[in-house]
Number of protein chains: 2
Amino acid sequence: MTVDRAILMIAASESDSNLYYATRFVAPDPFIFLEVKGERLLVMSDLELDRARSQASVDRVLSYAEIDRRLRAQGAAEPGSADVVHAVLQEHGVRSLLVPGNFPYGHAARLQELGYQLETKREPFFERRAIKTADEVRWIEATQRATEAAVTAAHTALRAASPRKGVLWLEGEALTSERIKKLINVKLMELDCIAQHTIVAGGDQACDPHHEGTGPLPANRSIIFDVFPRSGQTRYFADMSRTVVRGKPSAELSRLYQAVKDAQEEAIQKIRDGADGSKTHQGICDRFESMGYRTGLVNGRMQGYFHGTGHGVGLDIHEPPRISRTGSILQEGEIVTVEPGLYYPGLGAVRIEDMVLVTRDGCRNLTNFPKTFELD
Amino acid sequence: MTVDRAILMIAASESDSNLYYATRFVAPDPFIFLEVKGERLLVMSDLELDRARSQASVDRVLSYAEIDRRLRAQGAAEPGSADVVHAVLQEHGVRSLLVPGNFPYGHAARLQELGYQLETKREPFFERRAIKTADEVRWIEATQRATEAAVTAAHTALRAASPRKGVLWLEGEALTSERIKKLINVKLMELDCIAQHTIVAGGDQACDPHHEGTGPLPANRSIIFDVFPRSGQTRYFADMSRTVVRGKPSAELSRLYQAVKDAQEEAIQKIRDGADGSKTHQGICDRFESMGYRTGLVNGRMQGYFHGTGHGVGLDIHEPPRISRTGSILQEGEIVTVEPGLYYPGLGAVRIEDMVLVTRDGCRNLTNFPKTFELD
C-alpha cells in the first residue's frame, strides 16, 4: 500500500516556472498549489480569486481569506501559508509532501512543526516539462523568429557603420553596445518579446561570457551577440548567439572563429535521443585542447572554454537538461542550446549558439540564422 | 557571549532581490553568498568568477569549481552547494545560519544533516532595504519619469481616438488594449525600462484588478492604466495607475471616480513616519462602506474594495512595508504606493495610484502626473 503524498508549491508563478507550468496562471505574489489524491487545488488571495478561477488550469480554487478567517475564529493568532496548507490537508489525512528543491525553508520549517514529512525532488520537478509538446516547440520557435528579426536589424546597423580609428561609426557617432542593445530590445518589444541582459560585447569585453557590453564597438575585433528574450504571450524563451566582425579580423581571430564553428557542428552532430550530454561537452573540451586552445587561469583570469556546451530552454532560459560537465542523457522532445565558445583576452572571443530539438535519431535545428563572421 | 552566526543565501540574483541588494551583482543562475564574521563572500562558477570579482560589492570571491574539486579529491561523490558552503564555513567554526524565508528547502535539509542550525527572518530580511537611500530615491524617480512619459503617449493616442458604437477607433481600426500596451512597453524600452504585465483594461475587464486587458477599448466606460516597469540600468521599479474615460461617463461612474480620488487623498494625508498602515487601509475600507460602496462576493465574484491600499516599491515591485490588513508601521525613507480602487461589474472600475516617499511629518509624492478622468 502506498502512503498518500501531496505535491505542494508556494511561490509566485511570475518567477517560478514549475508553478506556472502546473497552473498556466501568472501572479506576481506567492500563492499555494496542492495536488492531493489527483485533485489540483489553488489557494488564492481575494485579489486573484476570480482571475484564477477563470484562467488557471486546476480543478478547484479556494479562498485564502476564508480559510484564514476560519483559523482565526478557531484561535490561531497569526496563521501563515503553512497553516492554511495544513487546514486544507487535514480533511485528506495526508502527512507527506513532495516539494521542489527551491521550496521556501520558512514554510518548510512550519510544516515540519505541524507534523509533515517533506521530500524534495531534483529538477526537473515535473519530468514532462523537459519534453516539449508540439505547442511548446511552436511557441519557442516563434520567440526564435523574433530573436532573428532583432539580430538582423542589429547586423544591418553594423553593416551600415564604418570602421575608423579602431571603432565603428554610424551617422556621425561612435556606434556603442548600448545603442545596438536598445535597437534589439525595442525591436523585440515590438514583437511582444521581453529581452533582458542582451549581450552585444566586443573585443576583450566579450572575453567575459556574461559581460553585456558597454561603450563604442571595436572595428576589426569580434563582437558577440547573445539574445534570449521571453515571449510576453506564451512566456517561452529562445536563445541565440552569433559572433561577427566589422572590418578586418586577424588571421588568428579567423582561426578562432572557425575552431568554434567546427566544434559546434561536431556537437550538433552528436545530439540525439540517448546521447550523453557530459560526453558531448567533454568532446568539445578535448577538441579545443588538442588544437592548442588551452583552458585555465592566466594572470588570475579564466580563459579558453569555461562554460557548459548547452542547456535546456523553455519557461526558463536555463533549465534541464544540461550538456556540460554535470550533463544529462538527452531525450527526444527536449530543446537545448549548443553554444561552444573560446575566450582569449588580447585576441578576442567567439561564441556560436543554436537551439535544437532532440529527435529519435538526431536533432532539428530551430535556428534559421546565417553564421557569417565578416559583415560587409 | 554571542554565538557566531553566518548569513547565507543561495539564489539567482536576477530573481532574488535580497541577494542583488547584498551584492549589487546580477547573475541568471544560483550562487552562494555568505557573511561570516564581518566578511562578505561569494562562491561563483568559473563562468561568473571574473565578472563577480570586478562587479560584486563583496570582500572576496571564491571559486566553486576549486572547492568542488577539493571535495571530490577528499572522496565526496556528488558534492552540492550545501557541501560547498560547509567547506567554506569549516575554518570559521560557525554552526548557526541566518537565511531568508525563501531559502531553498533542498539546501536547508542538507545543511541540517551536516549539523547546522538554520533560522529565518521575516521580510525585510535586510531592514535597511526598506529605507531608501538618496540614490535609490533618485533611481525610482527616474523610472517613474519614464512611466509617465509612456502613459502620456498612451493618453495622447486615446485622445486622438473617436468613440463609435461603444468602442474607440483610431486610424480606421478599433483601438485595442493590446495596441496601447505595446505603445507603452515599446516607449519604456526606448527609455531602458522593462515593462511586463502592463494593464490597460476597460469596462468590466478592469473589474478584475490584475486583468491586463484585451480587445477593443470601450467608449464611455472607465479604462485602468497600471504601469510598473523596472529600470534596466538601476533595476529599481516604479508603479503608477490612472483611470480615464474617453467619451461620456455615466453620473454613477463619475461618482465612483470621485470617491476613489478623495479616498486616495485621505490616505496620502495620513502617510508619515510612524503611521500604522493597517489603520490607513481600514480607514479607506470604512470610508467606502459608509458611502454605500460595499465589498464582498456578489454572484460568486468579488466586488467593491478587495486589495491592499499600498505596498513598498524598490528592487521588487511588491516589497515591505504594506498598507493593508496586515499592515506595517511606516518609517521615514520608505517608498510606498497609495492605490485605492473600486470595482463593480456592470458599472466599471477605478484605481488611482501614486508612489510617495515617507518623511518625518508626511510624505513627498514622487508622481508628477495629472489625475484627469475625462480625456478630451
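The values are calculated or read from the model by the stated rules, or taken from the named source; none is laboratory data. These numbers were taken from a predicted model, which means no experiment stands behind them. So basically every Cβ, Gly included, is an ideal-geometry build from the backbone, and we count neighbours across all protein chains shown. When the accessible area is computed, the model is the full protein with side chains, heavy atoms only, and any ligands, DNA or RNA have been set aside. Shrake-Rupley method; radii C 1.70, N 1.55, O 1.52, S 1.80 Å.
Of the beta bridges in the protein assembly as shown, as assigned by DSSP with both residues counted there, near 80 percent are antiparallel. Per residue of A:40-48, other chain Cβ atoms within 10 Å of the residue Cβ number 3 on average. Of all DSSP-defined beta bridges confined to the stretch A:5-129, some 45% are antiparallel rather than parallel.
The stretch B:15-98: Rg/Rh from Cα coordinates, Kirkwood Rh?
0.95
Kirkwood hydrodynamic radius of the stretch A:232-376, from the reciprocal of the average inverse Cα-Cα distance over all distinct pairs: 15.7 Å. Note on the protein assembly as shown: Cα-only Rg and Dmax are 26.8, 81 Å.
Each 10 Å bin from zero up to the one holding the largest Cα-Cα distance in chain A carries the following percent of pairs: 5, 21, 26, 21, 15, 9, 3, 0. Full extension of the chain between B:Arg138 and B:Gln112 yields a length gain of 5.1 nm, computed as 0.36 nm times the residue separation minus the alpha carbon distance. Per residue, the convex hull spanned by the Cα atoms of the stretch B:135-264 measures out at 101 cubic angstrom. With a 10 Å cut-off around each Cβ of A:115-122, the average count of Cβ atoms from other chains is 2. The heavy atoms of A:Tyr105 present about 10 square angstrom of accessible area, all protein chains included, probe 1.4 Å.
B:Asp376 label point (Cα plus 7 Å toward Cβ) to equivalent points in the other copies: 6.4 nm, shortest first. Taking the C-alpha atoms only, the angle from helix A:277-290 to the longest principal axis of chain A is near 20 degrees. Accessible surface ranking for B:Val336, A:Val26, 1.4 angstrom probe, highest first: A:Val26, B:Val336.
Using a 10 Å cut-off on Cβ atoms, rank the peptides A:352-363, B:156-167 from the highest mean neighbour count down.
A:352-363, B:156-167
Placing a label point 7 Å from Cα along the Cα-to-Cβ axis, A:Phe126 is separated from the same position in the other copies by 3.4 nm, shortest listed first. Shape index of the stretch B:300-376: Rg/Rh, with Rg the Cα radius of gyration and Rh the Kirkwood radius from the inverse mean 1/r over Cα pairs, equals 1.03. Over the stretch B:1-140, the reciprocal of the mean inverse Cα-Cα separation, the Kirkwood hydrodynamic radius, stands at 15.8 Å.
Summary for A:Asp361: label point 7 Å along Cα→Cβ; distances to the equivalent points in the other copies, ascending, 8.4 nm. For chain A, the 222 nm mean residue ellipticity estimated from helices alone, with every DSSP H stretch of n ≥ 4 adding -39500 (n - 2.57) and the total spread over all residues, rounds to -10500 deg cm²/dmol. For the segment B:83-94, counting C-beta atoms of other chains within 10 Å of every residue's C-beta and taking the mean gives 0. Cross-link check: pairs A:Lys187/B:Lys248; A:Lys121/B:Lys37; A:Lys187/B:Lys181; A:Lys182/B:Lys132; B:Lys121/B:Lys261 evaluated at a Cα-Cα cut-off of 25 Å; pairs beyond the cut-off: A:Lys187/B:Lys248; A:Lys121/B:Lys37; A:Lys182/B:Lys132; B:Lys121/B:Lys261.
Taking the stretch A:116-134 and a reference point 7 angstrom along Cα→Cβ of A:Arg24, the backbone N atoms nearer than 19 Å belong to A:126-134.
For chain A, DSSP calls about 80 percent of its internal beta bridges antiparallel. Measure nothing but the geometry: give the 0 to 90° angle between the long axis through the Cα atoms of A:134-160 and the longest principal axis through the Cα atoms of chain A, rounded to 10°. Computed tilt is about 30 degrees.
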